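In what follows, a structure is listed as structure tokens, so that the remarks can point back to it.
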Amino acid sequence: MTDFHNNPRIGIIVLGCDKNTADAEHFAGVLEQRLPENTEIRSLEAPNETTTDLDAVVIFTCAFIGDAKEESIAAILAWTALRQEQGVPRRIYVAGCLSQRYRKELEVEMPEVDGLFGIHELAALAELLCGKRKRRLPITTCRYPVRKRLNEKPYAFLKIADGCGRGCTFCIIPAIKGRRSVSLPKEKILADATALIASGVRELNLVAQDITEYGKDCYSEYRLANLLADLCALQGDFWIRCLYCYPTGITDATLEQLAGQPKVVPYLDIPLQHVSPAMLRAMGRPEKTTYVADLLDKVRSKVPGIVVRTTMMVGFPGETDADHHAMLDFIQAQSFPWLGAFVYSPEEDTPAASLKNRVPKRIAQQRFDTIMQTQAAITEQFNQMRIGTMDQVLIEGYDADMGIWKGRSRAEAPEVDGMMLIEHDGPLTPGQFIQARITRAEVYDVYGRVVRDSQ
């Protein structure tokens, strides 16, 4: 980047999943470590009046399903249009899953992009951006480069592995990320967590394609439960939350950590996708509904008060009305406090893409709407039952328009579940833990008042 200003200004745009957020922050940390001290690295979304002085933007993209690809392409087009109109940013680089999956197509369709970098090519992109500039610090002074936060939120996503060896027939992720789960060294994870806590993070959300696979590829005995124990031993007042757990990978040792470690919140995200044996078989998933029901009973028995979130897919090829109603019955019987759903999106180069008996889009959308309406009633009932109870809340910030503080309890994961809306006359601080009594509830959010500062 020898043609850039002496004090480079670089924008980073993060789209898609929270693994992208973690990757982008590690990438930003490398840039901050190697570029001059007066380098400005910004987190951006869409082009606006503050983006007219950028030397470069790096867009971290997603290619999981159709909607994610469309969002990524729209973002690239918005930034290339800005440069065509105003001459900035001077360079546009596209990184992540979309580049990994569609490099040749993007090279043809978007020649205005200055560089495409796959998921394993971020070091090359950093080298390009840094060029021959004198480093602020020798790269060897830090075994694990310091992560640069791209926001001031009191929570962060701690990636512990990448890739997936599961055989879900609808999923393109193994073809993009790798067909086995590759664990990050425990030393790197603990160093990352320590730095995040020191920076003010009060909630570590463990993420991977499947966190239950952690350690199996590189350690003889060290597994997710051991990692949780080591994370809990770190100094500081913080929560740990477990996201993305494949159902068959949940062990008794992991449940013991959830039940016995105060820092590990009683919450699990267990994407199930479906419950019909025929659908699960076609999806390449564990196909015994009784096994899943028994697992959920076991989880709730071993971890009293645990909140379980799941995800369901509707409209998979061959899904019948009976399959759909089996899903509805299961959702109502299990009463998941939180549930997300999405309509099946055929992805080329996946086994499911060649399946016949496609569900018409209109019917798939109707099924999606029915699932979400059913779930809304279940979530509302869950929240209504919380009225009058006390809970610890992590304050995230103040909403001036609403005149209210926003936060979350142990029962809500960031960015996907509801919020705790705290009515309080005095000052609070993002990253502060408080005790609140829940006073009223809406479908997804609950309201409360501060009882005391728990710090």
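The values are calculated or read from the model by the stated rules, or taken from the named source; none is laboratory data. Note that the coordinates shown come from a computational prediction; the quantities given were computed from them, not determined experimentally. Cβ atoms come from the backbone with ideal geometry, glycine included; neighbour counts cover every protein chain shown.
A few comments on the model shown:
- The set of residues from segment 416-455 being modelled with pLDDT under 95 and either aromatic (Phe, Trp, Tyr) or in contact with a Ser or Thr (Cβ under 8 Å, 6 or more places away or on another chain) (or both) comprises just one member, 423.
- Checked against the criterion of being farther than 24 Å from residue 265 by Cα and either in contact with a Leu (Cβ under 8 Å, 6 or more places away or on another chain) or in contact (Cβ under 8 Å) with a residue 60 or more places away in the chain (or both), the candidates 306, 378, 371, 395 yield just one match: 371.
- Looking across 76, 59, 65, 92, one residue alone is of a type in the set (Val, Ile, Thr), surrounded by 12 or more Cβ atoms within 10 Å (Cβ to Cβ) and modelled with pLDDT under 90. It is 65.
- Failed condition for residue 299, given (1) part of a helix (DSSP H, G or I); (2) exposed (fewer than 15 other Cβ atoms within 10 Å of the Cβ): (2)
- With respect to the stated conditions, residue 358 fails to be modelled with pLDDT of 95 or more, in contact with a helix residue (DSSP H, G or I) (Cβ under 6 Å, 6 or more places away or on another chain) and either assigned to a strand (DSSP E or B) or in the same structural domain as residue 274 (by TED's automatic domain parsing) (or both).
- Cβ pairs under 6 Å, 6+ apart, first in segment 86-100 and outside the structural domain of residue 53 (by TED's automatic domain parsing), second in a helix (DSSP H, G or I): none
- Among residues of segment 156-167, those that are assigned to a loop (DSSP other than H, G, I, E, B) and either modelled with pLDDT under 95 or of a type in the set (Phe, Trp, Tyr) (or both), counted: 5
- Here the strands (runs of 3 or more DSSP E) wholly within segment 395-455 that include at least 2 residues being outside the structural domain of residue 238 (by TED's automatic domain parsing), touching an Asp or Glu at 6+ places or on another chain (Cβ under 8 Å) and basic (Lys, Arg) are 404-408.
- Flag if residue 49 is touching a strand residue (DSSP E or B) at 6+ places or on another chain (Cβ under 7 Å), of a type outside the set (Lys, Arg) and either modelled with pLDDT of 85 or more or in the same structural domain as residue 119 (by TED's automatic domain parsing) (or both): no
- When each of 347, 319 is tested for being crowded, with 16+ Cβ neighbours inside 10 Å, touching a residue at least 60 places away in the same chain (Cβ under 8 Å), of a type outside the set (Val, Ile, Thr) and not in a helix (DSSP H, G or I), the lone residue that passes is 347.
- Scanning segment 15-31 for residues that are at pLDDT 90 or above and farther than 20 Å from residue 189 by Cβ, we see that the one that is surrounded by the most Cβ atoms within 10 Å (Cβ to Cβ) is 15.
- Residue list for segment 127-150, restricted to those being modelled with pLDDT of 80 or more and not assigned by TED's automatic domain parsing to the domain that holds residue 28: 147, 148, 149, 150
- Residue check for residue 226: touching a Pro at 6+ places or on another chain (Cβ under 8 Å) and of a type outside the set (Asp, Glu): no
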